[in-house]
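Presented below is the structure to which this report refers.
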Amino acid sequence: MILVVTAAIAFELVRNSRASIAKFGFHFWTTRIWDPVSGEFGALPFLWGTLYSSILALLLAGPISIAIAVFLSELAPSRLRRPLVFLTELLAAIPSIVYGLWGVFVLVPLVRHFETSLPDSLRRLPFFSGPPVGVGMLSAVLILTIMVVPFSSAVAREVLRAVPAAQREAAYALGATRFEAIRAALFHGRTGIFGAVLLGFGRALGETMAVTMVIGNNPKLSLSLFAPQHTMAAVLANEFTEAADDLYLNALVEIGLVLFVVTLAVNALSRLLIWSLEKRARAMPAAVEPALPAVEVA
């Protein structure tokens, strides 16, 4: 039934975006103009904003998620591990709209203060140009990072727990320090950890309400972290109910179709990576057991 529902969603998205696909073709994704009044639709600003914000959030959230996973699985005292795991998973369950409200009232003023305190030498760079309004790409990246970290760290922690104990014991037997043994565990579970980070990336790609409330919703291409921009999910949330004609509606549905395909592909790839690690972990004891008697004799 899940496969049937997924196929039905894809079918409806394709069927309801045929007019846009037939009229604009591939130019729909290379055009910068989005003007519903004149009937000109180009999705490049939304594609850029989605990828730009998600990739930056991934670069920030990836190392933080891995550090949290290592601490909870390898370093945290036993009396603190369970409460910290519970709190981390609780952050992943907070609704997106709550994050958005927190972003509007807390994060945006902090970002505005940061923007106004930057020296003029940095403000001349393309990444820091623009008015210091607080609402823009930087706020969206930060709130995406906060939302992605609990999800990715929880999956990465499970990946580290799946690493066979024989790997750590072998490292200690060779004289490795605790941190060298942790590094060996990270190396062994690198495929699954990468998959966990990709799962967070998939979450960031499809995030809607929190990003809509802090990104500024301006369909313009810019490298500036201070400039208000737009994402594919945000434009669907903002304009779907305002689509006055069939072409406008079809253009929005085509954006939804591409977002559906990209998110599905990213999540499928991450799941495949995690499954390959689990399969290798299950096969590891069978490969290690025959060598144990020889080790004991030695």
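Worth a mention:
- Residue match in region 134-152 (condition: surrounded by fewer than 16 Cβ atoms within 10 Å (Cβ to Cβ), of a type outside the set (Phe, Trp, Tyr) and on the phi > 0 side of the Ramachandran plot): no
- Filtering region 109-163 to residues that are modelled with pLDDT under 90, of a type in the set (A, V, I, L, M) and closer than 30 Å to Leu84 by Cα leaves Ala154, Val155, Ala156, Val159, Leu160, Ala162, Val163.
- Looking across region 156-202, the residues that are among the aliphatic types (A, V, I, L, M), over 30 Å from Leu259 (Cβ atoms) and in contact (Cβ under 8 Å) with a residue 40 or more places away in the chain come down to Leu160, Ala162, Val163, Ala166, Ile182, Ala185, Leu186.
- Ala140 vs. criteria more than 17 Å from Ile68 (Cβ to Cβ) and not acidic (Asp, Glu): yes
- Looking at Ala57, Ala67, Ala92, just one residue is open to solvent by less than 20 Å² (accessible area, probe 1.4 Å) and small (Gly, Ala, Ser), and that residue is Ala57.
- Residue check for Ile255: modelled with pLDDT under 80, part of a helix (DSSP H, G or I) and β-branched (Val, Ile, Thr): no
- Of the listed requirements (1) open to solvent by less than 30 Å² (accessible area, probe 1.4 Å); (2) modelled with pLDDT of 90 or more, Ala76 misses just one: (2).
- For region 1-42, the candidate set comprises residues that are among the polar types (S, T, N, Q) and surrounded by 13 or more Cβ atoms within 10 Å (Cβ to Cβ); within that set, the residue that is farthest from Lys220 (Cα to Cα) is Asn16.
- Pick from region 218-246, criterion touching a strand residue (DSSP E or B) at 6+ places or on another chain (Cβ under 7 Å), in a loop (DSSP other than H, G, I, E, B) and open to solvent by less than 50 Å² (accessible area, probe 1.4 Å), ranking: nearest to Trp34 (Cα to Cα): Pro219
- Against the numbered list (1) of a type in the set (A, V, I, L, M, F, W, C); (2) farther than 25 Å from Gly200 by Cβ; (3) in contact with a Ser or Thr (Cβ under 7 Å, 6 or more places away or on another chain), Val108 comes up short only at (2).
- For region 81-164, the helices (runs of 4 or more DSSP H) that sit wholly inside it and include 3 or more residues that are within 22 Å of Ala237 (Cβ to Cβ) are 96-102, 137-161.
The values are calculated or read from the model by the stated rules, or taken from the named source; none is laboratory data. If you're wondering where the values come from, they're calculated on a predicted model, not measured in any experiment. Counting neighbours? That spans all protein chains shown, and the Cβs are built from the backbone with ideal geometry, glycine included. Each accessible area value is taken on the protein alone, full model and side chains, heavy atoms only, with ligands, DNA and RNA left out. Shrake-Rupley method; radii C 1.70, N 1.55, O 1.52, S 1.80 Å.
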